[in-house]
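Undergrad: My questions all concern the structure below.
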Amino acid sequence: MCGIVGYVGQRNATPILIGGLRRLEYRGYDSAGVAVSSGHGARVVRCRGKLAALEKLLAVDPLPGTIGIGHTRWATHGRPSDENAHPHRVGPVSVVHNGIIENHTGLRARLKAAGRTFSSETDTEIAAHLVDEALAAGAESLVEAVRRTLRQVEGTYALVVLSDQHPDELVAAKNASPLVVGIGRGETFLASDAPALLEHTREVIFLEDGDIVRLSRNDGVQITDIDGRTVARTPRTITWTAEQAEKGGFPHFMLKEIHEQPRAVTDTLRGRLLVDTNDATLDGFDVGFDGGVDGRPVPRRVVLLACGTSYHAGLVGKFLIEAAARLPVEVDLASEFRYRDPVVGPGDLVIGISQSGETADTLAAIKEAKSRGARTLAISNVVDSAIPRLADGALYTHAGPEIGVASTKCFTAQLAALALVAIHLGRRSGGLPEAAAADLIRELLQMPNKMAEALAMTSDLRAVVAEYKDSKDFLYLGRGTNYPIALEGALKLKEISYIHAEGYAAGEMKHGPIALIDDGIPVVVIAPRGKGYEKVLSNLAEVRAREGHVIAVATAGDQTIAENCKTVLWIPDAPHLLQPLLTVLPLQLLAYEVALARGNDVDQPRNLAKSVTVE
């Protein structure tokens, strides 16, 4: 959440900052602003709302200058307002910040006692006061003023500082919040994420926690730590272009990304399924448990940690890993994990799942697991993001940039990655014999084509949407591997249509949710052929007996479903373990179409952020 862009060079900074912030809109925000210096003091323009509102202000009051910082804010401390928008300016100092200053209350009290006044409710303004205080106390450089500030700050931050007293440089610092340096010809850039930079350069440096970087018009890029020691960071070349993040002819990013899922799964599996040996590789990650289960190099158990959509992927992963590897698997909400004194340690494999690789709760949970001696693996879509860097190994999904806030292709790519983990562990635990592995690999390789078929089968939802777009509540039911898909389908509808929806294990319907069912509630029943099919048919009949409106997701050609349901969303046949790769697709499209019919912003739903980098 939140976006940062910085520029030092010879060009007009304002359009570069605005263009970069536009590339970061997918992260979610409620206000925006820029600070630009022409060498005679910086000026700030900021406002609540979208970038279009900021651009209107800049059209009336342009900001010329060749150095500047920009920000899109997602409110944490303080409501969305003009006053709370970044950049914050105190004296000669302008600051933008992502993250949370956890000891802000004590620092604010000290600064007020020293006679300082505040103009916002944010924790970020405290950083601006601290830098100004350090400069006023004689800090010999802007870097030193930032160091003094960071020694007082507890929490997470990507912090960028512009000072009128040092008009030819920016200084930035990182701790548990992403920050990337872009290297151009005679100019340098900063951003929260690489897409903001790709219009100008593909050479980037991913900063590490504890890095302090100085971007100077004369000296280029200099990276040190908080004690002033020089730090070497190797530039990397980004191989995808900014155009890949465009809509590609679709009306919305979300729809484009839904249709990109067959490709995303193909790319995630490519080169990792070893057909010749009926195995899977985890990109060199060594399971590494000497003397594990029965002397085999496998963990005693697997713990999956994630939040939101990634948590639902983890629930599917539990079925995959337990079935293939015959190892116990726990799935935990990362936001709860470290607050209950978890029983985890040596002998456990802990897998953190995060599409951005920066999810604060998941990052903290992985740190906790590592501190207790567990071996850790990250599943992420963003190379060199915080969680993969922290973990012992990383398995990257190859979904490509996902701009829509409500995750779609990253979810199915995570399912593909978890299938790879299941096969890899299964072959080493002995739980997945070679013949069974061959069958599973063969079915996995067929899934992208089946996904494309499923998307084609769900091409027209107009009748469904017209009937249910004004419903107040939805109920989603699924069994086995499709129970997590019921949760995910309900989440997607909530996220973008703002309709209340609940997902339940179908067997739990009679234990409470059945009280909700009447002739006014649509009930989505995930009922493909396979394990648990007859039980789901019974649930479906119970819904119909209470005049609930059934929307079924079913295997193509299923006459029993066709005869008993008014609305059916068809998918191709598939094994029970892999059905989630198909059953989720019509639910994503249903949520998209309902939201669109209600006039909502499907790519940037209210109150949500793409990368949740605060707890």
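The values are calculated or read from the model by the stated rules, or taken from the named source; none is laboratory data. Note that the structure is a prediction, hence the values are computed from the model and not measured. Because the Cβ atoms are built from the backbone with ideal geometry, glycine has one as well, and the counts that use them run over all protein chains shown. Please note that ligands, DNA and RNA were not included when accessible areas were found on the heavy atoms of the full protein model with its side chains. Shrake-Rupley method; radii C 1.70, N 1.55, O 1.52, S 1.80 Å.
Undergrad: Looking only at the range 513-528, decide whether some residue is of a type in the set (A, V, I, L, M, F, W, C), assigned to a helix (DSSP H, G or I), surrounded by 21 or more Cβ atoms within 10 Å (Cβ to Cβ) and touching a residue at least 24 places away in the same chain (Cβ under 8 Å).
TA: Within the range 513-528 (the criterion being of a type in the set (A, V, I, L, M, F, W, C), assigned to a helix (DSSP H, G or I), surrounded by 21 or more Cβ atoms within 10 Å (Cβ to Cβ) and touching a residue at least 24 places away in the same chain (Cβ under 8 Å)), the answer is no, since none of the residues qualifies.
Undergrad: List, please: which pairs have Cβ atoms under 7 Å, are six or more places apart or on different chains, and start with a residue in the range 218-243 that is farther than 21 Å from residue 9 by Cβ and at pLDDT below 95 and end with one that is hydrophobic (A, V, I, L, M, F, W, C) and open to solvent by 70 Å² or more (accessible area, probe 1.4 Å)?
TA: Sorted first by the residue in the range 218-243, then by its partner, the list stays empty.
Undergrad: Which number in (1) modelled with pLDDT under 95; (2) farther than 24 Å from residue 262 by Cα marks the one condition that residue 498 misses?
TA: (1)
Undergrad: If we scan the range 544-564, do we find a residue that is part of a helix (DSSP H, G or I), open to solvent by 10 Å² or more (accessible area, probe 1.4 Å) and within 30 Å of residue 423 (Cα to Cα)?
TA: No, the range 544-564 contains no residue that is part of a helix (DSSP H, G or I), open to solvent by 10 Å² or more (accessible area, probe 1.4 Å) and within 30 Å of residue 423 (Cα to Cα).
Undergrad: Hey, could you check the range 48-72 for residues that are of a type outside the set (A, V, I, L, M), open to solvent by 10 Å² or more (accessible area, probe 1.4 Å) and outside any loop (DSSP other than H, G, I, E, B) and say which is nearest to residue 123 (Cα to Cα)?
TA: 48
Undergrad: Show the residue pairs meeting these rules: Cβ distance below 9 Å; 6+ apart or different chains; first residue within the range 384-396 and on the phi > 0 side of the Ramachandran plot; second residue at pLDDT 90 or above and open to solvent by 10 Å² or more (accessible area, probe 1.4 Å).
TA: Here the result reads 384/206; 384/236; 384/394, each pair linking the range 384-396 to a residue that is at pLDDT 90 or above and open to solvent by 10 Å² or more (accessible area, probe 1.4 Å).
Undergrad: Please work out which residue is farthest from residue 575 (Cα to Cα), limiting yourself to the range 439-490 and to residues that are open to solvent by 10 Å² or more (accessible area, probe 1.4 Å) and in contact with a Gly (Cβ under 7 Å, 6 or more places away or on another chain).
TA: Selected residue: 487.
Undergrad: What residue, of 534, 593, is open to solvent by 10 Å² or more (accessible area, probe 1.4 Å), more than 22 Å from residue 451 (Cβ to Cβ), not aromatic (Phe, Trp, Tyr) and not in a loop (DSSP other than H, G, I, E, B)?
TA: Being open to solvent by 10 Å² or more (accessible area, probe 1.4 Å), more than 22 Å from residue 451 (Cβ to Cβ), not aromatic (Phe, Trp, Tyr) and not in a loop (DSSP other than H, G, I, E, B) holds for just one of 534, 593, which is 534.
Undergrad: Can we say residue 441 is of a type in the set (Val, Ile, Thr) and more than 24 Å from the chain's Cα centre (by Cα)? Spell out how you get there, then give the answer.
TA: Values: of a type in the set (Val, Ile, Thr): yes; more than 24 Å from the chain's Cα centre (by Cα): yes.
For residue 441, the condition - of a type in the set (Val, Ile, Thr) and more than 24 Å from the chain's Cα centre (by Cα) - is met.
Undergrad: More than 25 Å from the chain's Cα centre (by Cα), at negative phi and either surrounded by 22 or more Cβ atoms within 10 Å (Cβ to Cβ) or free of Cβ contacts under 8 Å to residues at least 40 places away in the same chain (or both) - does that describe any residue in the range 493-506?
TA: The answer is yes, given that some residue of the range 493-506 is more than 25 Å from the chain's Cα centre (by Cα), at negative phi and either surrounded by 22 or more Cβ atoms within 10 Å (Cβ to Cβ) or free of Cβ contacts under 8 Å to residues at least 40 places away in the same chain (or both).
Undergrad: What is the number of the single condition among (1) assigned to a loop (DSSP other than H, G, I, E, B); (2) touching a helix residue (DSSP H, G or I) at 6+ places or on another chain (Cβ under 9 Å) that residue 232 does not meet?
TA: Answer for residue 232: the failing condition is (2).
Undergrad: Take the conditions open to solvent by 10 Å² or more (accessible area, probe 1.4 Å) and either at positive phi or at pLDDT below 95 (or both) and apply them to residue 166. Does it pass?
TA: no
Undergrad: Which numbered condition in (1) assigned to a strand (DSSP E or B); (2) in contact with a Pro (Cβ under 9 Å, 6 or more places away or on another chain); (3) buried (at least 24 other Cβ atoms within 10 Å of the Cβ); (4) not basic (Lys, Arg) is the only one that residue 20 fails?
TA: It is condition (1) that residue 20 fails.
Undergrad: Test residue 127 against the criterion of being surrounded by 22 or more Cβ atoms within 10 Å (Cβ to Cβ), farther than 20 Å from residue 83 by Cα and of a type outside the set (Val, Ile, Thr), and give yes or no.
TA: Taking the combined requirement at face value, the residue does not satisfy it.
Undergrad: Let me ask something else about it. Residue under question is residue 248, and the condition is that it be modelled with pLDDT of 95 or more and at positive phi; does it hold?
TA: no
Undergrad: Another question, if that's okay. Return yes when residue 418 is within 27 Å of the chain's Cα centre (by Cα), in contact (Cβ under 8 Å) with a residue 40 or more places away in the chain and part of a helix (DSSP H, G or I) and no when it is not. First the steps, then the outcome.
TA: Details: within 27 Å of the chain's Cα centre (by Cα): yes; in contact (Cβ under 8 Å) with a residue 40 or more places away in the chain: yes; part of a helix (DSSP H, G or I): yes.
So residue 418 fits the description; yes.
Undergrad: How about the range 507-531: which of its residues are at pLDDT below 85 and of a type outside the set (A, V, I, L, M, F, W, C)?
TA: If the condition is that a residue be at pLDDT below 85 and of a type outside the set (A, V, I, L, M, F, W, C), then 507, 508, 510, 511, 512, 513, 518, 519, 520 are the ones that fit.
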